[in-house]
Amino acid sequence: MAKPFKLLVLPGDGIGPEVVAAALRVFERICRRERIDTEVGHDVLHGEAWERYGSFCRDETVAAARESQALLVGAVGGPRWDNMIIDGATPAERDGLMRLREDLETYACLRPSRAYETLLDKTPFRPEVVAGADIMVLRELCGGLPYGTPRGIDRLDDGSYQGYDANFYSSHEIRRFAVVGFEIARQRRGKLTSIDKSNVMESGILWRRVVAEVGSGYADIELEHLYADNALYQMMMRPTAFDVVLADNIFGDLASDLVASYAGSLGMLPSASLHGLNSGKPAIYEPVHGSAPDIAGRGIANPIGAILSVAMMFRYGMQRTELARQVDEAVERCLQAEVLPPDLGGNASTEQVTEQILSAL
Ligand code: NAD
Ligand code: MN
């Protein structure tokens, strides 16, 4: 008998638990129907973990994560825990999710977005500009500014302060990530746009050089380099000009929130954070959005980003593309039926959207 698929559920903070509950219902419904044997564990992460255990991510949580094939995460953070200064703490010690990303080395974060026919008028674009947009932002997730040291806020002799961060990328980190980019481009429409600030950053010069080197082994892929500022501008002006976008940890964070506009809301975007393609290592599936404290606890969060993250789990964690497609289609039918949450201009609750998607399945 095949081993059970081990999933660790970490709902997190704010709307995290609301959208994860919805996604888990979809996951469990399909697994039951398909007779997929699963073993589902639960734990707390970040704010909840800090309140209960005084740690944003416990060693026990990391150990359970290492034993899992997949982690389903809601979102973490909130005003209670953001901007806390903990003397001497590393970035990973200050953020439960960053610790998991680092310890599991899930360096390749896949963040797809697209324009839905039925939601064109919910986007800030003229329909003819955004129709057909279908993009995959790849965000490097284990290096760069969010993890760089030295970092700090120092008091200067004149009594003023200086804050600083360091952006480090090794050729090894860039290369393994670029490989994922070219492989994904090959599975899609064969175009890769790498973005950097090599005009003003040394790490950007190395980035561009290594991506070009990797690209020389992918003659079938059209490689384009853009400066990140221009790239974000082009993504607004010509959404359909992009296929795969390869970006570092910071630029990828910015780009993925930006392209959520194609789908009408940040609440729509899923992600899969992988240790490369087909590594067999644990992967993290989570919506792109944060914990949205402004709407938490009201039952109105859009669960679609989390539900589509389950689709990505079927696709990349189980190699069950047909199940991923079923989830994608059920979401589309929900949108066609105009059962829309408030962020898409409707008045359906998280529960109603989830029920609609479940019934479409
Ligand atoms: P956010 O993504 O939480 O919210 C941005 C805006 O989008 C808000 O107006 C919010 O209401 C809306 N939104 C987001 N998700 C939605 C959904 N599913 N349905 C409906 N509306 C939705 O970003 P923020 O406000 O900048 O950050 C809030 C907290 O989340 C911070 O503590 C931040 O550090 C954290 N954060 C966590 C992650 C993560 O866990 N991966 C990502 C981003 C931000
Ligand atoms: Mn973000």
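The values are calculated or read from the model by the stated rules, or taken from the named source; none is laboratory data. Please read these numbers as outputs of a predicted model, since none were measured by experiment. Note that we place each Cβ from the backbone using ideal geometry, even for glycine, and neighbour counts take in every protein chain shown. The protein model used for the area step is the full one, side chains on, heavy atoms only, and it has no ligands, DNA or RNA in it. Shrake-Rupley method; radii C 1.70, N 1.55, O 1.52, S 1.80 Å.
Things worth noting here:
- For segment 204-333: accessible area per residue (Å², 1.4 Å): 37
- The chain - Kirkwood radius from inverse mean 1/r over Cα pairs (Å): 20.9
- Overall form of segment 104-179 per C-alpha gyration tensor (a/c, 1.5; a/b vs b/c): oblate
- Dipole magnitude (debye, nearest 20) for the chain, charges at Cβ of Lys, Arg, Asp, Glu: 960
- For segment 166-213, projected area of the alpha-carbon convex hull averaged over all directions, nm²: 3.4
- Ile304 sits among other residues whose Cβ lies under 15 Å from its own Cβ, and their net charge, with Lys and Arg +1 and Asp and Glu -1, is -4.
- Shape metrics for segment 148-307, restricted to C-alpha atoms - Rg then Dmax, Å: 18.2, 57
- Gyration tensor (alpha-carbon) shape descriptor, segment 300-361, a/c threshold 1.5: prolate
- Gyration tensor verdict on segment 239-325 (Cα atoms; rounded if a/c is under 1.5, prolate if a/b is larger than b/c, oblate otherwise): oblate
- Helix runs (DSSP H) in the chain reaching 18 Å along axis by Cα, Kyte-Doolittle at least 0.5: 249-263
- Percent of C-alpha pairs per 10 Å bin, segment 10-93, short to long: 16, 43, 29, 10, 2, 0
- By DSSP, the beta bridges lying fully in the chain are antiparallel in about 40 percent of cases.
- When the solvent-accessible area of segment 124-264 is split by element, carbon and sulfur atoms take up 53 percent of it, the probe being 1.4 Å.
- Across all Cα atoms of segment 72-126, the radius of gyration (one decimal) and Dmax (whole number) stand at 17.2, 50 Å.
- Distance (nanometres) between label positions extended 7 Å along Cα→Cβ at Glu332 and Arg35: 3.0
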